[in-house]
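One structure below.
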Amino acid sequence: MSGHGAPVTNAGELNGENLTVAVVAASWHDQIMDGLLDGTRRALTDARVGNVVEVRVPGSFELPVAARRLAETADAVVALGVVIRGGTPHFDYVCSAATTGLTDVSVVTGKPVGFGVLTCDTEEQGLDRAGLEGSSEDKGYEAAEAAVRTALTLRELGV
Ligand code: DLZ
């Protein structure tokens, strides 16, 4: 299982009342994306995040530019995408652009970016990680919890 070794995620122990969190989601593979979005919304509700902004972009390739702009006003960004090798001739390029781009956004802006981009060999793998009924993982929830937790840690440190 890909989540082996992951920490237990419980957004309910966080207090995000004073945070603004932006969620940017790509539009490919809608059943899997709906699960990721649902998990992200659940985590932000559990963490009592005060202000949530949701934005859709066409594909995962567009996530970094939207995340960059949203990070100007948000305390944290959650980026969601689904890329499936079988149906994506340029799989490695799309994955690499999204991964490198989102890392750059985080480092350049100093704002946490929760990485909720699934890179899967098959649709079944995506469904299993999407927090749907019967899924073994809930990657949208995990990405949002990580972004909020990191934003609160940075705020606590005053940096
Ligand atoms: C073009 C493309 C393909 C083939 N597959 C996916 C995918 O599986 N997941 C995804 O999020 N986006 C895909 N895209 C679209 C690109 O991310 C991008 O939106 C287009 O190349 C337009 O810039």
Please count how many residues of segment 3-35 are in contact with a Pro (Cβ under 8 Å, 6 or more places away or on another chain) and either more than 18 Å from THR119 (Cβ to Cβ) or open to solvent by less than 50 Å² (accessible area, probe 1.4 Å) (or both). 1
Meets criteria (of a type in the set (A, V, I, L, M), touching a residue at least 24 places away in the same chain (Cβ under 8 Å), farther than 27 Å from SER136 by Cα and assigned to a helix (DSSP H, G or I)) for VAL53: no
Filter result (surrounded by fewer than 21 Cβ atoms within 10 Å (Cβ to Cβ) and within 16 Å of PRO7 (Cα to Cα)) within segment 116-148: SER136, GLU137
Filter pass, ARG69 being more than 15 Å from the chain's Cα centre (by Cα), among the charged types (D, E, K, R), more than 23 Å from LEU154 (Cβ to Cβ) and open to solvent by 60 Å² or more (accessible area, probe 1.4 Å): no
Those residues of segment 50-66 that are within 15 Å of the chain's Cα centre (by Cα) and more than 9 Å from the ligand (Cβ to nearest atom) come to a total of 8
Please count how many residues of segment 72-87 are near the ligand (Cβ under 9 Å from one of its atoms) and either open to solvent by less than 60 Å² (accessible area, probe 1.4 Å) or in a strand (DSSP E or B) (or both). 5
Residue check, GLU13 farther than 19 Å from PHE91 by Cα and either touching a Lys or Arg at 6+ places or on another chain (Cβ under 7 Å) or within 11 Å of the ligand (Cβ to nearest atom) (or both): no
Hey, can you tell me all the residues within segment 16-36 that are away from the ligand (no atom under 15 Å from the Cβ) and among the charged types (D, E, K, R)? GLU17
Residues of segment 88-99 that turn out to be assigned to a loop (DSSP other than H, G, I, E, B) and open to solvent by 60 Å² or more (accessible area, probe 1.4 Å), as a count: 2
Output the residues belonging to segment 88-108 that are more than 13 Å from the chain's Cα centre (by Cα) and either within 13 Å of the ligand (Cβ to nearest atom) or basic (Lys, Arg) (or both). THR88, PRO89, HIS90, PHE91, ASP92, TYR93, VAL94, CYS95, SER96, ALA97, GLY101
Where the second residue is aliphatic (A, V, I, L, M) and within 9 Å of the ligand (Cβ to nearest atom) and the first is at pLDDT below 90 and lies in segment 72-100, which pairs have Cβ atoms under 9 Å and are six or more apart or on separate chains? THR88/VAL94
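The values are calculated or read from the model by the stated rules, or taken from the named source; none is laboratory data. No experiment lies behind these values; they were computed from the predicted model shown. Heads up, the Cβs are rebuilt from the backbone with ideal geometry, glycines too, and the neighbour counts pull from every protein chain shown. Side chains included, ligands, DNA and RNA excluded: accessible areas come from the protein's heavy atoms. Shrake-Rupley method; radii C 1.70, N 1.55, O 1.52, S 1.80 Å.
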